[in-house]
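Let me begin by presenting the structure, written as structure tokens, before commenting on it.
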């Protein structure tokens, strides 16, 4: 199935010439090594199809470099960080005399536990034959990992620090095999420099002699000294980010005689200060090794020194060691992902063009020089979006009536596009945000288990993951869901798919949605999606505590969610966001699902002087009526708290007259006739800002705003915007100005033609999300937009039209950049 996927939309993934090099390398290796080589299904799939970059990892640090269970936890953390960059970790080891490229958690646990694996050895190039012959377990060194990883076609390797020239090597000739491997094996190696127990000056001299280019990833060419960002020596070159490093590595590997590239990454800044303390301990440990004769014991020297440094620093060195390894893993994972896109060249562009309507924010697939844009950094997201991520299959009949096409096959056009309300909102917000990586989508995708226990995305999950990465979105919030496990989706977990049938005028005839996997997201899943690095500390907490702790760790400015989540997840999420004063945006999604919000509303007692449960709510007219009717049927509009809030608004007959006049003068009589304002006012005890999506009739806004903003709004065009002072709704006792109730209408722009409006509402919410998060003064920006124009005309809501997709894009803040993106439901 992975070798060829061919749909009528023109989407094709083939294991053809684009991946011939890596496929033939892997095939040759498997043929040459026979049953002595075991490549995990996940790694093999990535190498064969080019679907992801692959990062090799050593295991000598697991077997000999760290105490248990820190070694196991660190190994899992490093793999997770690489996956967060959309790359695949390939941890290398020898198990019972067989080479393994890609380990399961059980294999890592076995390798890391000295109680059951005390006789494991360190395996460098020289040890390979005896290790296989003796059928032992072994942790691979830098040299051993490079040799074996390159055998199967892996281009990048991440480690903590490389070996080098030992102090006193002029007498002992103790020079690590790592340096010679770098001189003979062409691949990228990401490290924090050489271990500081070594002679760094001589190490760099030997690397130069062997023809290995040393490149620092940072703002200068300072060569790091493992625990310290500067060693006093200089690298021969430097690049500023992972994207540039990937371009340099691609050039190096495609020379007539390919060369290795050593990338040196300084330890994270928060560990700089203790670097000097650790270095003094290093110097003491080196002296003691000489005094005790340890310096003459060959491969035993490094483990002894590192252990002694750990003892002298009382564990500080170990913490720094973990930090620099995790930092290297993040950077290495990004380099591998960028390198994979460069290697595929036009293939990614070709695959992207087959998805009608997708236009990436920045085409990173053709980066071939060092002046490329910086790649996204995996920083804590400012915006979390919870909801559906799906694949939309849209079938449109070419001609003829729907009736004539029933019970037979009709000619037409088929498109496959990424969709899902939550994903659409996240993509639009991501494209409109001022910094990449700011927005993270948390959703579920289907996965299938490989024979070796690894998890691989299903076919539609692969498409979804690829398109999100091409669009510049983060994918570290996607939760893999395996079918058949307790608590998972009935019938097996599948990536969500929505199949839409359109008539020849692009009208919806029928749709079939398989969205069960999204509804299976639990509170614990939400917490796991929030933080990879801190997942282990969250797992021991109660579900509600997990959300609380995860929000505390990330401290997002804004949270958005659709109604595909389970009611209990929505309730817990709103409760925790409310306590932390986090801005919340909620889209009702659909009539059947929107009432999942009710339990949260029922548990919340509105108080006039406090902030609302939901900051922004974006229903359409039917959804507004449905929620209004549901609240009335539950008698939630008859409670003492509700009446106290409504009474504090002081909405007398003058307000009603002005509201009716507003509807007439704006040319929108339906606002008054359908009781829109009345229904919106009834929701204010729970919602601070309502944005009513009215299709071609535009947007109706009702909200409570600070008086300074409302005055700006009120000074312009009273025919379309009205305000009312509400002094009893002051958010604090010290604020005597209160707030103003603001009602506004924005008409949609007339477009030359409309092919499809599917996804326009999601695009609006995404634009709103981006602007609310990026601009704390969004009310002022909106006020200025509302106030522009003259006379009694109707202000227009910003809508961009993409000629390539024929799809209108709504931007609630037209003075800012709006993405040209197809966003289907």
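Nothing in this text is a laboratory measurement; each read-out follows from the coordinates by a stated rule. This structure is a prediction, so every number in the text was calculated from the model and none was measured. Every residue, glycine as well, gets a Cβ built from its backbone with ideal geometry; the counts of neighbours run over all protein chains shown.
Summary table
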item	result
Anisotropy class of segment 379-521 from Cα gyration tensor, a/c 1.5 cut	oblate
Computed label-point distance, nm, for sites residue 678 and residue 555 using a 7 Å Cα→Cβ extension	4.7 nm
Label point 7 Å beyond Cα of residue 126 along Cβ direction - residues of segment 174-212 with amide nitrogen under 15 Å	174-181
Residue 605-residue 519 FRET efficiency (beta carbon distance; Förster radius 30 Å; 0.05 resolution)	0.60
Spatial separation of Cα centroids for segment 186-204 and segment 586-625, in angstrom	57 Å
Estimated distance in nm for a label pair at residue 292 and residue 36, the labels positioned 7 Å out from Cα along Cα-to-Cβ	3.7 nm
Segment residue 135-residue 284, length gained on full extension (0.36 nm per residue, minus Cα span)	49.8 nm
Length gained when the stretch residue 632-residue 459 is fully extended (0.36 nm per residue, less Cα-Cα span)	57.8 nm
Three-way shape call for segment 147-239 based on the alpha-carbon gyration tensor, with the a/c threshold at 1.5	oblate
Counting DSSP beta bridges with both ends in segment 4-343, the antiparallel % (nearest 5)	35 percent
Stretchable slack from residue 622 to residue 220, in nm (0.36 nm times residue separation minus alpha-carbon distance)	138.9 nm
Global form of segment 4-343, assessed from the alpha-carbon gyration tensor, a/c cut-off 1.5	prolate
Rounded FRET efficiency, nearest 0.05, which uses the C-beta distance separating residue 173 from residue 255 and R0 of 30 Å	0.45
